[in-house]
Amino acid sequence: MNQGTRTFLRAGLADLAAREHDVLVVGGGITGVGVLRDAAMRGLRAALVDRADFGAGTSSRSSRLIHGGLRYLERFQWGLVFEALRERRILLRIAPHLVRRLAFVVPVHQGDRVGRWKLAAGLTLYGVLAAGGNVPRPRILGKAGLLSLEPNLRSRGLKGGGLYYDAQCDDARLVIATLRSALQHGGVAANYAEVIALETSAAGVSGVRVRDRLGSDEAVLKARVIVNATGPWSDGLRRMEDPTANPILRTTRGSHVVVRRSRIGHTHGITFTSPVDGRVMFVLPWQDLSYIGTTDTDASPDADLSADLADVRYLLRSTNALFPHARLAEEDVISSWAGLRPLLASDPSLSASAVSREHRLLRGPKGMLTIAGGKLTTYRRMAAEVLDAVVKELDPEAGRRRYPRAPTDEEPLVGGESESWEPFRHAGTELGLPPTTLNYLFRQYGTETAALLNLVRTDRALSRPIHPEHPALAAEVIHAVRRELAQRVEDVLDRRLHLAAETADQGRAAAPAVAGLMARELGWTTERIREEAARFQPLPPPAATVPDGL
Ligand code: FAD
């Protein structure tokens, strides 16, 4: 065990402290877990720590799109779009339970910033760049065609528009599935382990000092290469290596609000330019809910991460202008979330939306690698690039030959082995689970639904829902702790089961039962159960007074 490690470190951290790793990843968002998976698949001894839960940063607060980024075509970023469309194709294949095709309608109204001809050119190019992929081609539509797809759109001033396909994804579960895939290949990871300092030797960075945020212990984790994948917080870690390092990121806050889908009455994803400021926005279906996003305002990485009143007002006003019958107001907002975009700093005179979403890999003066920028969609590709650099650090002469690229584009993520859930339907029905519940389980877990059904088989009480408004089952809480490394009630209710965003009380009613179920796995006392349930304090959506329409 390393010097500085206390013998009573919790098990997850003690495992990491017990040996030297080839590569240690700091940050368990999508970028970090992607790097861990690639490293483990190349046969490296790979480890990861996150100061909060996996995915608790930006990667559970996105617009949940796996997309080429139609709007980047406006800025002629064709290479970026082409690469993202390729990744979309791969993710649809390796995680079919989490990444699903979604049809988008794009209305064009009189006076919109993007007119019909510009849209037609963009959609045609989007189709060409995605050619040979696994989604249908875009189509240009007239007013009648558009209204037949989305009859509740404002018809006044409607000129026509288009229909195209992208993919929607459960971002937080994509993080977990990627992490699980890494663990299956021998990677190790601990959440709630914060890097508070870097350890250095004459050769450069040789490890990190972490603080256990579930307790108060500290440990030194040794590694030959350190990868900084802390997303919006990357500059903070870079300054631990070099206090004079200039920032490479510009962070902006993006907010979403959630409303009942029936209040808007749409079927497709809707891409439109906000009548308020001409920015591209989305109204996206999520079962019987819709989420609306997003805003884009400069924000410090230390800022409070929640949607504010101005964000809510902007999102609802923009949607009301497009769907006048919706008349969305503050009481319609069920929940909201906001995330920090880790954008590469460029020309400070550019507006936030015009800043590039590309990524950058750099090596610090003491050898730490930082991967910054990027997006959810391109995480797999970014990870491959990072690992090419890691193996060169490990063996400058023969690294790429010793550790060639891993088939991360072919091997399914955990749960993605098959698109067919017929075998589970039969087993689930025998256990008395209704088709809607089975459908829900398959969307969350894919082929791992089998593990959930096994839990129910051994204890029928685990088939009960944990909240009256949500299909999540008690068995999922046990699964979240046992297989998905959940440590806190929030990890379960927010990122694993999504009750925080999908129920009117943000999942509060389920907190005591969830804490009780977690206690069975984690050995919590009665007092600890009470504490952990009380600690769960999701933010209510900010109240706003929103005028009808514009
Ligand atoms: P994060 O997910 O933020 O992970 C960084 C992690 O580092 C965090 O978990 C944090 O706890 C940890 N950390 C920080 N400091 C330390 C430390 N000292 N020690 C240990 N751990 C530490 N992309 C798309 O492709 N499609 C979209 O639809 C999309 N929509 C978006 C919408 C919004 C509003 C935003 C904000 C972004 C969106 N993105 C989208 C971009 C995408 O979400 C991000 O690029 C991606 O999630 C960044 O992942 P990451 O792992 O780099 O960072």
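Values quoted throughout were computed directly from the atomic coordinates according to the rules given, and no laboratory measurement underlies them. None of these values were measured; they are calculated from a predicted model. Note that each Cβ is placed from the backbone with ideal geometry, even for glycine, and that neighbours are counted across all protein chains shown.
Determine, for each peptide in 259-272, 386-399, the mean count of other beta carbons within 10 angstrom over its residues, then list the peptides with the highest first. It would help to have the intermediate numbers written out before the result.
Values: 259-272: 19.4, 386-399: 17.7.
Ranked by mean Cβ neighbours within 10 Å, highest first: 259-272, 386-399.
What distance in nm separates the simple spin-label points at Asp15 and Thr436, each placed 7 Å from Cα in the Cβ direction?
With each label placed 7 Å out from Cα toward Cβ, I get 3.8 nm.
Arg483 label point, 7 Å along Cα→Cβ, cut-off 14 Å on backbone N: hits in region 405-433?
Once the point is set 7 Å along Cα→Cβ of Arg483, 413-418, 424 turn out to lie under 14 Å by backbone N, inside region 405-433.
What's the angle, to the nearest 10 degrees (0 to 90), between helix 78-94's Cα axis and the longest principal axis of the chain?
That helix lies at roughly 70 degrees to the long axis.
Where a Cα-Cα gap under 15 Å defines reach, which aspartates and glutamates qualify for Lys222, not counting those fewer than 8 residues away within the same chain?
Asp15, Glu20, Asp22, Glu194, Glu199
Just tell me which aspartates and glutamates come within less than 12 Å, Cα to Cα, of Lys159; anything on the same chain fewer than 8 places away is out.
List returned: Asp112.
Determine, for each peptide in 115-123, 35-43, the mean count of other beta carbons within 10 angstrom over its residues, then list the peptides with the highest first.
35-43, 115-123
Starting from the 7 Å offset along Cα-to-Cβ, what nm value, one decimal, do you get for the label separation of Leu539 and Leu214?
Each label point is offset 7 Å from its Cα along the Cβ direction, giving 2.6 nm.
I'd like the FRET efficiency for Gln110 and Arg400, computed as 1/(1 + (r/R0)^6) with the beta carbon distance as r and R0 of 56 Å, rounded to 0.05.
The formula returns an efficiency of 0.50 here.
May I ask for the Rg/Rh ratio of region 409-490, computed from Cα atoms with Rh as the Kirkwood radius, given to two decimals?
So for region 409-490, dividing Rg by the Kirkwood Rh gives 0.96.
What is the distance in Å between the Cα centres of region 222-267 and region 364-406?
So the separation of the two Cα centres works out to 19 Å.
Determine the calculated [θ] at 222 nm for the chain from helices alone, applying -39500 (n - 2.57) to every DSSP H run no shorter than 4 residues and normalising by the residue count; nearest 500 deg cm²/dmol.
-9500 deg cm²/dmol
Which ³J(HN,Hα) values in Hz, rounded to whole numbers, follow from the phi angles of region 125-142 under the Karplus curve 6.51 cos²θ - 1.76 cosθ + 1.60, where θ = phi - 60° and Gly and Pro get x?
With the stated coefficients, region 125-142 comes to 5, 4, x, 5, 5, 9, 3, x, x, 9, 9, x, 6, x, 9, 8, 10, x Hz.
Mind giving me the FRET efficiency for Arg75 and Glu527? R0 is 51 Å, r the Cβ-Cβ distance, nearest 0.05 is fine. List each step's numbers first, then the result.
Details: r = 56 Å, r/R0 = 1.10.
Rounded to the nearest 0.05, the efficiency is 0.35.
Ordered by residue, what ³J(HN,Hα) values in Hz, to whole numbers, does region 56-62 give under the Karplus form 6.51 cos²θ - 1.76 cosθ + 1.60, where θ = phi - 60° and Gly and Pro are x?
Per-residue couplings from phi come out as 6, x, 5, 6, 10, 10, 8 Hz.
Around Leu289, which amide H atoms from residues at least 5 apart in sequence, or from another chain, sit under 5 Å from its own amide H, with H modelled in the peptide plane?
Under 5 Å from the amide H of Leu289 lie the amide H atoms of Arg261, each far enough along the sequence or on another chain.
List, in order, the whole-Hz ³J(HN,Hα) value for each residue of region 147-154 obtained from phi through the Karplus relation with A = 6.51, B = -1.76, C = 1.60 and θ = phi - 60°; use x for Gly and Pro.
So the J values, rounded to whole Hz, are 5, 5, 7, 9, x, 8, 5, 4.
Which FRET efficiency value, to the nearest 0.05, do you get for Ser148 and Ala310 by plugging their Cβ-Cβ distance into 1/(1 + (r/R0)^6) with R0 = 35 Å?
Efficiency for this residue pair is about 0.45.
How much net charge surrounds Arg279 when only the other residues with a Cβ under 13 Å from the Cβ of Arg279 are counted, with Lys and Arg +1 and Asp and Glu -1?
On the way: positive: Arg71, Arg113, Arg317; negative: Glu74, Asp112, Asp277, Asp296, Asp311.
Charge balance near Arg279 sits at -2.
What are the residues whose amide H is under 5 Å from the amide H of Ala299, where those residues sit 5 or more places off or on another chain and H is modelled from the backbone?
Thr251, Thr252, Arg253
Provide the gained length on full extension for the span Ala450 to Ser201, in nm with one decimal, where the gain is 0.36 nm per separating residue minus the Cα-Cα distance.
Result: 84.9 nm gained on full extension.
Tell me which residues come under 5 Å, amide H to amide H, from His97 once H is placed; ignore anything under 5 positions away on its chain.
Placed amide hydrogens put nothing under 5 Å from His97.
Among 44-54, 478-488, what's the highest-first ranking by average C-beta atoms within 10 angstrom per residue?
In decreasing order of mean packing, 44-54, 478-488 become 44-54, 478-488.
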